[in-house]
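Here the structure is laid out as structure tokens; the discussion comes afterwards.
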Amino acid sequence: MSAERPAVATNPPAELPIVLARNVHKSFGDTEVLRGIDLEVARGEVLCLLGASGSGKSTFLRCINYLESIDSGFILVDGELVGGEVVGGRVHESAPARVAARRSRIGMVFQQFNLFGHMTALQNVTLAPIKVKKEDRATALERAHRLLDRVGLQDRKDHYPGQLSGGQQQRVAIARALAMEPAVMLFDEPTSALDPELVGEVLDVMRDLAATGMTMVVVTHEMGFAREVGTTAVFIDAGKVVEQGEPRQVITSPNHERTRAFLAKVL
Amino acid sequence: MAELQRRAAEGRSQPGDPVTATRTPVDIALLTQISDAPPIRRRRPGETALVALIAVLAVFGIAVLVTNPRFDWPTVSRYLFDVSVAHGIAVTLELTVYAMLVGILLGVVLAVLRQSGSPVARGTAWLYIWFFRGTPVLVQVLFWGFASALFPRLGLGIPGGPMLFGIDTNTVVPLFAAAVLGLGLNEAAYMAEIVRGGLLSVSPGQAEAAHALGLGSLATLRHIVLPQALRVIIPPVGNQVISMLKMTSVVLVIGVRDLLGSVTEIYSRNYRQIALLLVACVWYLLMTSVLTYLQSRLERRLGKGVRTDVR
């Protein structure tokens, strides 16, 4: 069900990828988690990051919006460094306000949803547009209603996260990220914390989102989703990109030994 | 078991004691008839004895209060609504409010500093808490009361050198301000630990999600973390308010005329110490009772509003 992507004519010439990562290294203490990742995500692409737990795929995703800093290499999002400025031949750490401003163009959906527990679904979705983009309340509310309708939660808008099922919470979280009209959406194992019967409703929302041409980077164990919706599958092992290509190709007939070993376990 | 057997042998057993109750066949027809009425309550000899003891003590206590003329109840009732006592109550309440405000605001700052990434900030907050929790509040209040002895003039200058401009310390730090500072700075050290506990109770994912949406650290603290930490922070803050109300009485030592100060001032003239201390007790009890009631209502409301992420 690989939906036809509408040609995005309004966008500038797509020569520069939305996400461009070069030789990204990252260590936690003595453990080197990322060992030189190179990756490109083109506009409208749905890139699925596959790999065993501990392979570094979630860490890499969190580096894209600078929730984690990197030790060397660089990541450009929409042509900009998220956490740094190039000044006088060196990369300098950005001021927190600039990091925040750039992050606001990158949507993120977490494994544990992380909805704000003291706010209703509607308030969760309007918070960032009002506080970060300084949008007026009416505009933010109007968009929030539209987004919650779109993820199928028209009758749950005034519910608190604690009153929603995991699948509903994750759909609110997707609406919350979309409210900032991001250039790219990052998904960190969005269905891993869900009961099996709730996985489908979240994947449906993501599938619809992909069909609208949204650029997505998805860390997932859902091979079915990667195969059907993904435009590229990237297999990461021990902090390196091992294999990359058309999802059906990577998943059904992988070239690399470690990809085969991993797929044998999850399929 | 042995005790029950002995009681059964002496014929003192109650119906339902295990020894006599074993192997009694139940007449279902009879049971159906009588089971409309609730079961007869067992006698509880220990409980009865305790009630009797408390009753005796209560009677004695009341008798002592009424018959001992040295309690001097007429004087108590004469001064209960005295103008200078009322003024003292106002000062006590003002001290409580201002000292708690200083304590809460500074406490939040200290709690945030303790969680900061900077070792200097963390160390500074730790040092503050170490000092202000490690010395008695009475001593701290005395220090502020004698601030003018330590720094006779306040102003800008070089330590050990000349002062560019300055004013007399006693004019900037009047006794009331000294009392508020003494109580508030001490309170901040305790409040910092309470607030820190509250901040730690909020899952780190909440701040992460806020950052990912582009909220800065301050906005994240204000809109996301603090509101959710309040659920954990408010109950102990209620306790702190109540204990602050009583702790304000230490300002007596620097001569601030709070509730205790005004009754001591009166009894230094008429020598009715006991009666006037009773006046103070009545008002302290009344105020702490009101606060306790307000606190329990607030906690019930917070408890109802609890909405947490399902994890």
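Odds and ends about this structure:
- For the stretch A:152-167, the condition of being more than 12 Å from chain B (Cβ to nearest Cβ), within 23 Å of B:ALA219 (Cβ to Cβ) and surrounded by fewer than 21 Cβ atoms within 10 Å (Cβ to Cβ) holds for none of the residues.
- The C-beta contact set for the stretch A:252-267 (first residue farther than 18 Å from A:GLY239 by Cα, second residue assigned to a helix (DSSP H, G or I) and open to solvent by 70 Å² or more (accessible area, probe 1.4 Å), distance under 6 angstrom, 6+ apart or interchain) comprises A:PRO254/A:ARG260.
- Residue that is nearest to B:ILE104 (Cα to Cα) [pool: residues in the stretch B:214-263 that are more than 14 Å from chain A (Cβ to nearest Cβ), open to solvent by 50 Å² or more (accessible area, probe 1.4 Å) and assigned to a helix (DSSP H, G or I)]: B:ASN239
- Scan of the stretch A:80-112 for residues that are within 7 Å of chain B (Cβ to nearest Cβ) and farther than 20 Å from A:ARG146 by Cα, ordered by number: A:PRO96, A:ALA97, A:ALA100, A:ALA101, A:ARG103, A:PHE110, A:GLN112
- As for the stretch A:137-146, it holds at least one residue that is more than 7 Å from chain B (Cβ to nearest Cβ), over 21 Å from A:GLN169 (Cβ atoms), in a helix (DSSP H, G or I) and polar (S, T, N, Q).
- Only listed residue being over 30 Å from A:GLY166 (Cα atoms) and open to solvent by 40 Å² or more (accessible area, probe 1.4 Å), chosen from A:GLY83, A:GLY36, A:GLY88, A:GLY54: A:GLY88
- Of residues in the stretch B:187-213 being within 26 Å of B:PRO136 (Cβ to Cβ) and open to solvent by 10 Å² or more (accessible area, probe 1.4 Å), the one nearest to the other protein chains (Cβ to nearest Cβ): B:GLY197
- On inspection, A:ALA128 fails the criterion of being free of Cβ contacts under 8 Å to residues at least 60 places away in the same chain, surrounded by 17 or more Cβ atoms within 10 Å (Cβ to Cβ) and more than 9 Å from every other protein chain (Cβ to nearest Cβ).
- Just one of the listed residues (A:GLU201, A:GLU197, A:GLU222, A:GLU181) is crowded, with 21+ Cβ neighbours inside 10 Å and acidic (Asp, Glu), namely A:GLU222.
- Condition check for A:GLN170: closer than 25 Å to A:SER192 by Cβ, assigned to a loop (DSSP other than H, G, I, E, B) and within 14 Å of chain B (Cβ to nearest Cβ): no
The values are calculated or read from the model by the stated rules, or taken from the named source; none is laboratory data. Computed from a predicted structure; not experimentally measured. A quick note on method: Cβ atoms are made from the backbone with ideal geometry, for glycine too, and the neighbour counts reach across all protein chains shown. Heads up: the accessible areas ignore ligands, DNA and RNA and are worked out on the full protein's heavy atoms, side chains in. Shrake-Rupley method; radii C 1.70, N 1.55, O 1.52, S 1.80 Å.
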